[in-house]
Every structure is written in structure tokens, then in C-alpha cells.
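Worksheet: one structure, shown below.
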Amino acid sequence: MKYQSTRGEAPVLEFSDVLLAGLAVDGGLYVPTEFPTLKPSDLRSFSEMSYAEVATKVLTPFVSPSINSNELGTMIEQSYSTFRHPDVVPVKQLPAEIGEDRYLAELYWGPTFSFKDVALQLLGRLFEYELSRRDTGVTIVGATSGDTGSAAIEACKDRDGIELIMLHPRGRVSDVQRRQMTTITSPNIHNVAVDGTFDDCQDLVKAMFSDLQFRERHKLAAVNSINWARVAAQTVYYFTTATRIAGPNEQISFCVPTGNFGNIQAGYIASRMGLPIDRLIIASNHNDILTRTHVSGVMEIQDVEPSTSPAMDIQVSSNFERLLFELSGKDGLWVAAAMADFRSTGSMKLPESVMKHLREWFDAGQASEREVEQEISDLYETQKEFLDPHTAVGVNVIRRMKSLNGPVAVMATAHPAKFNTVVEAATGMAPPQPDEIVALKSRSERYVNLPNEVSAVMDFVATASSQ
Ligand SMILES: *Cc1c(COP(=O)(O)O)cnc(C)c1O
């Protein structure tokens, strides 16, 4: 398996190099030169297998030849043994008033209660494995709108060879999310609150990666969803969910609460690998650049308006570039020019051919803050079930989307207790708090505050980095 950059001008690499590189040197994202395909007999066998077994089968071709199947299998076993549910990603049916054959795939039973753990628990182990094999270290810099930060910190704390610097937008992550990051006192973990939005944090990270000298000197590495290994790890639960709900030849649709487009991009890849997916539904809150693009064919940046689903408060979805690359027929030079133009003008008109492909695979829907609140309240009234606001965006979008046929699974991306204030405001009831979350309140926090300036953040990273 080889990997190429979406901008066509970086060296072709194998898995372990892509894992450590994060962003390609031409500013693009790494994608496989070809997708491995699974046979219908493989898909049939998945319904009898554990999550870890399916993951090993699905991911082996992506990591080959860097890592063999046995070593990968061991890391996968360890990663998913940290989950609090024996199915790892359990599936539940939604009430009939939302639609016949509608389900929730609960992706949030990992150590930090969001779907980010699914990929990051494995990523932390892959990093440690590869760094020890090379006898070297890295400085991981990441930006988080809330959940990536805690999941990355949990996955990397005390791991050999890693210093981790995590930027979050000050005051724009929930209390629980902040405490999950800032109460970890391992010496290799460094938290930074930036005076800005999540997009600003992401731009700061991109700026550090674009400075090739800085990047070399401090051996920068990435764990946000620009890292290919994360997208790959997320393909697995599309397979397990589909094979639990639908027959091996039956089509299924997925609705995905979307921010950086990593989760739903993994669904697209699962589909390219042979999983019979009917529709992939992009669900957005009022920061709906992708929904508007799906309708108009023009991707246009507007200001980010904070919402109750902060992980989706994004205008520039970094993984969308991976999709553009595929939909353009792998035209790296077009992607490079289009992204540069988008950066400078804030707008991009997608060619007809790209839009045609996009609409062949994807639908899109948006939910307002009022609809999200109503959805959380309705499901509690009828089922006594709590939804977190991100998942509620997805459920609300499929409730109103009448064109869907066959089974549909909504990706439940966070545990409701992580967003307890919003959930309680909508239902009048506090969702039960897991012990791990209750315990956060009595721990002291540690983080630094920095302005939204590249130089200030670079200075901090240079000091924290062991390189
Ligand atoms: C990260 C996150 C999302 C968005 O996922 P992307 O892969 O960035 O599209 C949605 N919901 C929750 C709870 C998240 O943590």
C-alpha cells in the first residue's frame, strides 16, 4: 500500500511515514493510491466477528508493509479493551416516529466519551510502536474544538517519545471537555487556550507545519483528522454497524454529525472498499458551509457562530480536501490550485463533474439550535433516552429527510453527559454522570493562555518540544 498527497507534489510514502508526517510537504493530505476491496464473503463473516477482529481485517491492508497483521492485531486488542461496552460500538434502534428502520451507532464508549477515542486509542499505540522502532521522538501539535484534545491526551499521556501540545479555543469548549484535557498532569502533555476560534487554532497548527524548517527541527507530528491513520481507523465501525443492522447485500445509509469531515470521509472510504452504502448524509448545525455547498455548488466561508454542538462549529472542513481529490478523478494539481484560491478568496465554485459525483454519494441537511433542543427534548419525552447535541443534529436531520429508503444509522458521536448543561436545559433532567466525569471537578487544572499569533505559539512549542 502506497500513499500520495491530494496536491500531487509530495513524495509517495508508505504507511509508517504517512503516520508520522501528518500533512504532506506540499500542504496536501495523504490518501491511498488505491483502495483495498473486501469480498462479499469477508463482509458476511464480519457479523460473526468481534470489533477488534473486524478492525484487524479491515486495517491490515492500510498498514502493510510497514506493520504486519499480528502486531496490528495486538495494538487493536489493547486499544478497544479500554472501551466500556463489550461491543465497542453498540447499535440501538430509534423510535418508529423518527422513521422505520432507524438506528443509533454509539461511538462514545471510549475513555473520554466521544467518538474520537475510536481512532486515537489506536493512533497513540501506532505512534509509540513506530517511534520505538525508529528510536526517535516527535512533538505532536494539535488543534481541538473539544473532543480531539482530550482523546489525544488520553491516548498519548506518558507514552515514550511523545511531547503533545494541544490548542483549544478559549471559552469555546465545554467545562467537561476542558477539564478532561487540563487535569491530565503527565509531564509530556501541554495545554494551550488560544484567544480565537477553532478555525484559528487549526490555522496556527497548519502554519507551524508549513514552516518546513520549524517542522523538521521539532519533528512535528499531527493527530488531528488530517492524519490518515485516524480516517482509516474510523472506517471500521461503518463495517461493524452495517453488518449488524443489514444483510450482507442490503444497502444502508449513514447520517454523520459533521465538522472536519473525517468521520463521514471514513464512510465514503468504507463504501469504496465494497460496503454497500446507499446514502451518506452530512449533518450540520447552523455553521452549514457543507450543506450550502451541496445545494449551490459554491463553497463559501461565513463567520463561525458558536453553537451547542461545538465540535461542528467549523467553516473549513480539512478532510473535505480528501473527498475533492477523489471526486476530481485524483487531480492533485486542480486540488492545489482550488485550495489556494479558496484560501485567498474564501469561496470556491466546484466544477459540475465534481458536484455530480458529490450528489451521487452524499445528501446534506442542517438543524437549527431550536431544532436540536426540540430533538433532545422529544427523544427524552418518548423514550427516556438522552442525546448529546451533536447526535441530536443527526437525528433531527433524518427525522425531516423523507427521501431515505432502507435502514439508516445515525453516528452518535458523544455521550450526553459530556454536554450535560445543554441536555439538562432541553429536558429538565440532568443526564447521569459517569464517575470519571464527576471526578474531574475536584482535580486542579493546568494550561497556558496565548494570543492568536503564530510567533507566540511557535515559541511555546519550541520550549515544550524535547527536540
Ligand atoms: C469531532 C466531532 C464531530 C465532528 O467529526 P468530524 O470527523 O470532524 O466531521 C462531531 N461530533 C462530535 C461529538 C465530535 O467530537
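Bear in mind that the values in this text are calculations on the coordinates, not laboratory data. These numbers come from a predicted model, not from an experiment. A quick note on method: Cβ atoms are made from the backbone with ideal geometry, for glycine too, and the neighbour counts reach across all protein chains shown.
With the Cα gyration tensor of region 249-313 in hand, give its eigenvalues times 5 under a square root as the equivalent ellipsoid semi-axes, listed largest first in whole angstrom.
Details: eigenvalues 126, 33, 18 Å².
Whole-Å semi-axes of the equivalent ellipsoid: 25, 13, 9.
Provide Rg over Rh for region 304-415; use the alpha carbon set for both Rg and the Kirkwood Rh (inverse mean inverse pair distance).
Working: Rg = 17.2 Å, Rh = 16.4 Å.
Using only Cα positions, Rg/Rh for region 304-415 is 1.05.
Around Asn452, with a cut-off of 11 angstrom between Cβ atoms, what is the net charge of the other residues, counting Lys and Arg +1 and Asp and Glu -1?
On the way: positive: Arg170; negative: Asp195, Asp199, Asp200, Asp203, Glu453.
Overall, the nearby charge balance is -4.
Excluding residues fewer than 8 places away in the same chain, name every one of the lysines whose C-alpha is closer than 20 Å to that of Lys219.
The qualifying lysines are Lys157, Lys206.
Taking the Cα centre of the chain as origin, work out the dipole magnitude from +1 charges on Lys and Arg Cβ and -1 charges on Asp and Glu Cβ, in debye rounded to 20. Show your work: numbers first, answer last.
Details: 42 positive and 59 negative charges, 89 e Å.
In total the dipole reaches around 420 debye.
Using Cα pairs closer than 8 Å and at least 6 residues apart in sequence, work out the relative contact order for the chain, in percent. Please report the intermediate quantities before stating the final value.
Values: 924 pairs, mean separation 92.8, N = 467.
Answer for the chain is 20 percent.
Could you state the per residue volume, in Å³, of the convex hull enclosing the Cα atoms of region 63-216?
Numbers: hull volume 25.1 nm³, N = 154.
Measuring per residue, one finds 163 Å³ for the Cα hull of region 63-216.
Show which lysines lie in cross-link reach of Lys57 when reach means a straight Cα distance below 24 angstrom and same-chain residues fewer than eight apart are skipped.
Leaving aside lysines fewer than 8 places away in the same chain, those within reach of Lys57 are Lys2, Lys39, Lys116.
Over the Cα atoms of region 339-467, Rg to Rh with Kirkwood Rh, two decimal places? Walk me through the intermediate numbers first.
Numbers: Rg = 21.2 Å, Rh = 19.1 Å.
Expressed as Rg/Rh, it is 1.11.
Taking just the alpha-carbon atoms of region 368-430, what radius of gyration and Dmax come out, in angstrom?
Over region 368-430's Cα set, Rg and Dmax evaluate to 11.5, 35 Å.
Using a Förster radius of 51 Å, what is the FRET efficiency between Val295 and Asp135 based on their Cβ-Cβ separation? Nearest 0.05, please.
On the way: r = 52 Å, r/R0 = 1.02.
The calculated FRET efficiency here is 0.45.
Under 1.5 on a/c is rounded, so check that first for the chain, then, if it is not, pick prolate when a/b is larger than b/c and oblate when it is not; a ≥ b ≥ c are the square roots of the alpha carbon gyration tensor eigenvalues. Present the calculation step by step, with values, prior to reporting the outcome.
Values: a/c = 1.24, a/b = 1.13, b/c = 1.10.
Because its axes are fairly even, with a/c under 1.5, the chain counts as rounded.
For the chain, what is the mean residue ellipticity at 222 nm derived from helices alone (per DSSP H run of n ≥ 4: -39500 (n - 2.57); sum divided by total residues; nearest 500 deg cm²/dmol)? Intermediate values should be presented prior to the final figure.
Details: 20 runs with 216 residues, N = 467.
About -14000 deg cm²/dmol.
Under the rule of at least 5 residues apart or a separate chain, name every residue whose amide H is placed under 5 Å from the amide H of Ser174.
When sequence neighbours closer than 5 places are left aside, there are no close amide H contacts.
Which length gain, in nm to one decimal place, applies between Asp459 and Ser210 when the Cα-Cα distance is subtracted from 0.36 nm times their residue separation? Spell out each step's value before the answer.
Values: separation 249, 0.36 × 249 = 89.64 nm, distance 1.56 nm.
Using 0.36 nm per residue and subtracting the Cα-Cα distance, I get 88.1 nm.
For region 300-343 and region 367-433, compute the distance between their C-alpha centroids and round to whole Å.
So the two Cα centres are separated by 26 Å.
Which three lengths, in whole Å and largest first, does region 73-146 cover when its Cα atoms are put on their principal axes?
Cα extents, longest axis first: 56, 29, 17 Å.
For the ranges 159-170, 36-47, 444-455, what's the packing order if you count other beta-carbon atoms within 10 Å of each residue, average per peptide, and put the highest first?
Most protected by this proxy first, the peptides run 159-170, 36-47, 444-455.
Past the 17 angstrom mark, what percentage of all C-alpha to C-alpha distances in region 132-265 do you count?
Working: 5766 of 8911 pairs.
Summing the P(r) of region 132-265 above 17 Å gives 65 percent of all pairs.
Just to check I understand the Karplus step: with θ = phi - 60° and J = 6.51 cos²θ - 1.76 cosθ + 1.60, what whole-Hz values come out for region 187-197, glycine and proline as x?
Going residue by residue, I get x, 8, 10, 10, 9, 10, 8, 9, 6, x, 8 Hz, with x marking Gly and Pro.
Going by C-beta contacts inside 10 Å, put Thr421, Thr258, Thr291 in order with the fewest on the left. Let's see the in-between values first.
Working: Thr421 13, Thr258 31, Thr291 21.
Ascending Cβ contact count within 10 Å gives the list Thr421, Thr291, Thr258.
Work out how much length Glu385 to Lys441 would gain on full extension: take 0.36 nm times their residue separation and subtract the Cα-Cα distance, in nm to one decimal. Spell out each step's value before the answer.
Values: separation 56, 0.36 × 56 = 20.16 nm, distance 2.49 nm.
Gain in length upon complete extension: 17.7 nm.
On a C-alpha basis, how far is the centre of region 132-173 from the centre of region 33-87 in Å? Whole number, if you could?
Cα centroid to Cα centroid, the span is 24 Å.
For Ile281, which sequence-distant residues (separation of 5 or more, or a different chain) have an amide H within less than 5 Å of its own amide H, given hydrogens modelled in the peptide plane?
Sorted by chain and number, the residues that satisfy this are Phe254, Cys255, Val256, Asp363.
Within a Cβ distance under 13 Å of Met299, other residues only, what is the Lys/Arg minus Asp/Glu net charge?
On the way: positive: Arg292, Arg343, Lys349; negative: Asp288, Glu300, Glu321, Asp341.
Charge balance near Met299 sits at -1.
If the chain between Gln251 and Thr421 were fully stretched, how many nm would it gain, using 0.36 nm times the residue separation less the Cα-Cα distance? Walk me through the intermediate numbers first.
Details: separation 170, 0.36 × 170 = 61.20 nm, distance 3.72 nm.
My answer for the length gained is 57.5 nm.
Treating only the Cβ of Lys, Arg, Asp and Glu as charged (+1, +1, -1, -1), what charge dipole size does region 1-147 show about its Cα centre? Round to the nearest 20 debye. Don't skip to the end; give the middle numbers.
Values: 12 positive and 20 negative charges, 16 e Å.
Dipole of region 1-147, to the nearest 20 debye: 80 debye.
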